[in-house]
Structure formats: structure tokens, C-alpha cells
1. Regarding segment 28-47, can at least one residue be identified that is within 18 Å of the chain's Cα centre (by Cα) and not aliphatic (A, V, I, L, M)?
2. Looking only at segment 216-239, which residues are at pLDDT 80 or above and more than 14 Å from LEU28 (Cβ to Cβ)?
3. Of all residues in segment 262-298, how many are more than 24 Å from ARG142 (Cα to Cα) and either surrounded by fewer than 12 Cβ atoms within 10 Å (Cβ to Cβ) or in contact with a helix residue (DSSP H, G or I) (Cβ under 6 Å, 6 or more places away or on another chain) (or both)?
4. Could you go through segment 251-262 and let me know if any residue there is of a type in the set (Phe, Trp, Tyr) and under 16 Å from the mean Cα position of the chain (by Cα).
5. Hey, SER197 hits all of (1) polar (S, T, N, Q); (2) assigned to a helix (DSSP H, G or I); (3) farther than 23 Å from PHE305 by Cβ but one; which does it fall short on?
6. Please go through segment 33-62 and pick out each residue that is within 18 Å of PHE228 (Cα to Cα) and loosely packed, with under 15 Cβ neighbours inside 10 Å.
7. Run down SER213, SER257 and say which single residue is farther than 19 Å from LEU170 by Cβ, of a type in the set (Gly, Ala, Ser), out of contact with any Cys (no Cβ under 7 Å at 6 or more places or on another chain) and modelled with pLDDT under 90.
8. Residues of segment 240-263 being touching a residue at least 24 places away in the same chain (Cβ under 8 Å), part of a helix (DSSP H, G or I) and closer than 22 Å to ILE18 by Cβ, which ones?
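The values are calculated or read from the model by the stated rules, or taken from the named source; none is laboratory data. Just so it is clear, the model here is predicted, and its values are computed rather than measured. Backbone-built Cβ (ideal geometry, glycine too); neighbour counts: all protein chains shown.
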Amino acid sequence: MLFMNDYILILLGLIMLILGVLIGVAFLTLLERKVLGYIQIRKGPNKLGFMGILQPFSDAIKLMTKEQTYPLFSNYLVYYFSPIFSFFLSLLIWMVIPYYFNMISFNLGFLFFFCCTSLGVYTLMISGWSSNSNYSLLGGLRAVAQTISYEVSLALIMLSVIIMIMDFNLLKFSYYQFIIWFMFLMMPLSLCWLSSSLAETNRTPFDFAEGESELVSGFNIEYSSGGFVLIFLAEYSSILFMSMLFILMYMGGYDLSLFFYLKLVFISFFFIWVRGTLPRYRYDKLMYLAWKSYLPLSLNFLMLFIGLKIFFI
């Protein structure tokens, strides 16, 4: 009976977490609209209710009540389920965040994160391919090539951080950063991580999957209504997650304080700020950046940290 109560509490905690993430995503979209409106000196659809509070909910209702269209020659089942699977994966990654109460806490958080992000590539590929449209196939291929290119450097940057603390548990970071943040110890690496996470989440200036000038809307061009909502939610929850992960790894670890949430809002704001400021990169330049700049840099830093670890042990 005792075990049953524990399981029920864990389940309730996870449901609360998922609801929190969804509400966070809703208000992140509102923040994006407001910030982009100010950057581009224009009005935006962000005025419903008091200070636009109701705007995300009206958007959700509008999108969900739109007509769902199905391409005639699509691979219907795969086309239908890939956004659902993508959304499920983006929520599943949140289980690795080290909560202090009532949640699943496990020691191999980093490995779980890599498993989930690697699976996310398949959903992009499948949703691009199953629509049976040339635009969406090209968008899917671009997104997959980009994400894979950046995951290599992401893994190496993460490895050098893991070597610093010699543990896969995300909770340990707050102990090691009590005196100085890792951001100051690994300045170039932390900036590489930040720009790689921009590319990992398909955001400007690396949003080649959705290059309007040549691909209309990329891999999600054939999705309307619910499918589009799920792809959109998956993207924005992964933005929040990558912001959270950056703070855990480089800006002092996890603690339940107002300062922690301010840091989280700032990094999420940074994602939006970049979108409003920088133009889109050229696709071959992105590949060169991933393979010829970030990969050697992260490998060199990895060797440096391994050497330091051996020297000081």
C-alpha cells in the first residue's frame, strides 16, 4: 500500500510538471510576440485580456478548432503520429530536471537527455517524409542534417562538463558551482553550447528547416490545426528545456529561488532576442560552422579538461 501511495504521488508530481511546462510554453509565446513587437517597432496580436494574458489561450482555441487537412498521397498513419511522438519526447526530457521533492530522480540524467534528443531527429525526418511533399521533404532533410551536425559538438561540450564533475547526475552541478559558475571557467564552451542549442531547437539564425524564401514552411508545411499545435509546443518546450539545461550546467545549478527563475527567463528571452536581431545564416556556412569550428574547439577543450583532471588527481 505504501508503494502505491508513492507511485500516485510521483504520478501527480509528473502531471503537475507537464502542466507547468505547458503553461510556461503558453506565456513564452506571449513574451516572444511582445519582444518581437518592440524590437520591430510594431503592434502584434498580443493585446487580448489584461496585458495580453488571454492571448495564448485564444490562440490555442483558434488553432484547435481549425479544419484538419490530410494530404491525399501522404503516408497517413506516420503523418498523423509523428507530431504526437515529437511532443511526447519533448515532455519526456523534462523528467531529468533534478527536483527536490516527489519526483523521479535518477543518476543518468545526461544519458537520458541524449537518448531523447537523438530520437527527436527521427520525428523531424518522418514528418517531413510522410507528407509526400517536396518542400516538406527538403525541410525535413535540412533539419535532420543540421540537428545531427550540432549534436556531435553538443555531446563533446557536455562531456567536458561531465569530466569536470565526474557524474551524470544533474543535481551535482549546484554543489560544484557554489563558489564560481562554470560559465566563467569555460567561457568559449558555454557560448558554443548556447549557439548549438539555438541550432538544436531549429531557431533563428539556424532555422533552415523553415526558410520562408525557399521552403515556405519546411517539414511542417502540410500540418494544420492539431498537428501544427503539437509541433509548435514541442519546439517551444525544448527551448525552455535548453534554457534550463544551460543554467544547470553553466549558471549555478538548480535551486528553488527567484534568482533561478529570473535566469531562466533571461536565457529564454535571449532565444527570442536573437530571433529579432540576427538574419538567417547560409546553409553551407552552418555546416562549416558545425564541423570545422565547433567540433575541433570542443574536442580541444575536452582534451584540456581530461589533462587537467589527470594532472590534479
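1. Scanning segment 28-47, I find at least one residue that is within 18 Å of the chain's Cα centre (by Cα) and not aliphatic (A, V, I, L, M), so the answer is yes.
2. Those that are at pLDDT 80 or above and more than 14 Å from LEU28 (Cβ to Cβ): VAL229, LEU230, ILE231.
3. 5
4. Within segment 251-262, not a single residue is of a type in the set (Phe, Trp, Tyr) and under 16 Å from the mean Cα position of the chain (by Cα).
5. (3)
6. Residues satisfying the conditions are PHE57, SER58, ILE61, LYS62.
7. Exactly one of SER213, SER257 is farther than 19 Å from LEU170 by Cβ, of a type in the set (Gly, Ala, Ser), out of contact with any Cys (no Cβ under 7 Å at 6 or more places or on another chain) and modelled with pLDDT under 90, namely SER213.
8. LEU240, PHE241, MET242, SER243, MET244, LEU245, PHE246, LEU248
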